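The values are calculated or read from the model by the stated rules, or taken from the named source; none is laboratory data. Computed from a prediction, not measured in an experiment: that's the story for all the values here. Cβ: placed from backbone, ideal geometry, glycine included. Neighbour counts: every protein chain shown.
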Amino acid sequence: MKTTVQEEDKSNIKSLSIGKSIIFIIVGLCFLVLGGRIVVNSAVSLAQVLNISEEVIGLTIVAVGTSLPELVTSVTAIIKKKADIAVGNIIGSNIFNIFLILGISTVVSPMVYSTVFNMDIYILIIATLLLFLAMFTGKKKMLDRWEAAIFLCIYAGYVVHLIVQQTG
């Protein structure tokens, strides 16, 4: 009898009691809050030591650090031939961050919008449009390696732009 990939995946899942699951969730959330504080405090300290604006640190180091779990999830999904999970993870994360995280943060403490972020928002819009276009060029409904390379180059250019803007 041939087993499917889904059956193999289900057999690798360890079953926990509800009580144990709740404890793991609570402990995980506590570590998440602690980790968030450490990241923010360390990013501010690093910005001060390197004489770099908090904006640049937030748009680069903090953004990369908080996106590493998404990177691992997406790479794992791609390796397991689950591209829908990878793309959904990226798009869902952006939607979640923009609407829920920004919304909750602003409800807790209203923030003043700085026009300094206009260029960053333009880059976000351009990247979103490019992703949409990339899904319909080359092989249909597939992000090709050359398109991925373009995304990496755009990100590298964006980081260089941030650094030049900071020093200029």
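Remarks
- Subset of region 153-168 [exposed (fewer than 10 other Cβ atoms within 10 Å of the Cβ) and part of a helix (DSSP H, G or I)]: VAL164, THR167
- Residues of region 1-31 classified as at pLDDT below 80 and assigned to a helix (DSSP H, G or I), total: 7
- From SER109, SER67, residue being more than 15 Å from the chain's Cα centre (by Cα) and closer than 23 Å to VAL44 by Cα: SER109
- Which listed residue is under 17 Å from the mean Cα position of the chain (by Cα), over 27 Å from GLY35 (Cα atoms) and among the aromatic types (Phe, Trp, Tyr), from PHE151, PHE99: PHE151
- Scanning region 115-165 for residues that are among the aliphatic types (A, V, I, L, M) and closer than 18 Å to ILE98 by Cα turns up VAL116, MET119, ILE121, ILE123, LEU124, ILE125, ILE126, ALA127, LEU129, LEU131.
- Within region 111-130, residues that are free of Cβ contacts under 8 Å to residues at least 60 places away in the same chain and of a type outside the set (Gly, Ala, Ser) sit with their Cβ atoms under 7 Å from residues that are surrounded by 11 or more Cβ atoms within 10 Å (Cβ to Cβ) and outside any loop (DSSP other than H, G, I, E, B), at 6+ positions apart or across chains, in these pairs: ILE123/TYR158.
- The helices (runs of 4 or more DSSP H) found wholly in region 38-148 and carrying at least 3 residues that are surrounded by 12 or more Cβ atoms within 10 Å (Cβ to Cβ) and at pLDDT below 90 occupy 54-57, 63-79, 83-95, 118-134.
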